[in-house]
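Here's the structure, in structure tokens; my notes come after.
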Amino acid sequence: MVSRGCVVATKPLRPCRRPGCSALVTSESGYCEKHQRLDRKRQDDRRGSAQERGYDSAWRRRRVWYLRRHPLCERCAAKGQVVIAILVHHRDHNPHNNAAENLESLCVACHEEEHKPERFGRR
């Protein structure tokens, strides 16, 4: 059975932000899939290895210690939801500040939401 008169709202198509690319996109980044991959690779190359960014063996031990004491996503728990945390976030975005009051256990969704502005060039 085909429904009639049903309109599905979609985002308007825009040209890819990469100069010379004619692809039309709806993504928040403004890039087509090909250029999103290239942009992510360029950002990864620029930011250095995990070790260089401060995520060394001491951090891994601290992360495990914190998750054992805070196994649920702290932001979801504040909303009354029970979600297992698998990431430990630095509240001040400084990976060298591993003080307990600067750490926050998060689920993937909450961590992605926290870092979304950085990924799209806004902070």
Extreme residue, surrounded by the most Cβ atoms within 10 Å (Cβ to Cβ), among residues of region 57-79 that are part of a loop (DSSP other than H, G, I, E, B) and touching a strand residue (DSSP E or B) at 6+ places or on another chain (Cβ under 6 Å): 73
Please count how many residues of region 41-51 are surrounded by 10 or more Cβ atoms within 10 Å (Cβ to Cβ) and over 13 Å from residue 18 (Cβ atoms). 7
Pairs, first surrounded by 14 or more Cβ atoms within 10 Å (Cβ to Cβ) in region 81-93, second modelled with pLDDT of 95 or more and in a loop (DSSP other than H, G, I, E, B), C-beta under 6 Å, six or more apart: 83/73; 83/107; 85/73; 85/107
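If you check residue 82 against the conditions, is it of a type in the set (A, V, I, L, M, F, W, C) and either modelled with pLDDT under 95 or not in a loop (DSSP other than H, G, I, E, B) (or both)? Break it down into steps so the answer makes sense when it comes.
Values: of a type in the set (A, V, I, L, M, F, W, C): yes; either modelled with pLDDT under 95 or not in a loop (DSSP other than H, G, I, E, B) (or both): no.
So residue 82 does not fit the description; no.
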What do you reckon, is residue 89 assigned to a strand (DSSP E or B), under 17 Å from the mean Cα position of the chain (by Cα) and outside the structural domain of residue 19 (by TED's automatic domain parsing)? yes
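The values are calculated or read from the model by the stated rules, or taken from the named source; none is laboratory data. Values in this document were obtained by computation on a predicted structure and should not be read as measured data. Every residue, glycine as well, gets a Cβ built from its backbone with ideal geometry; the counts of neighbours run over all protein chains shown.
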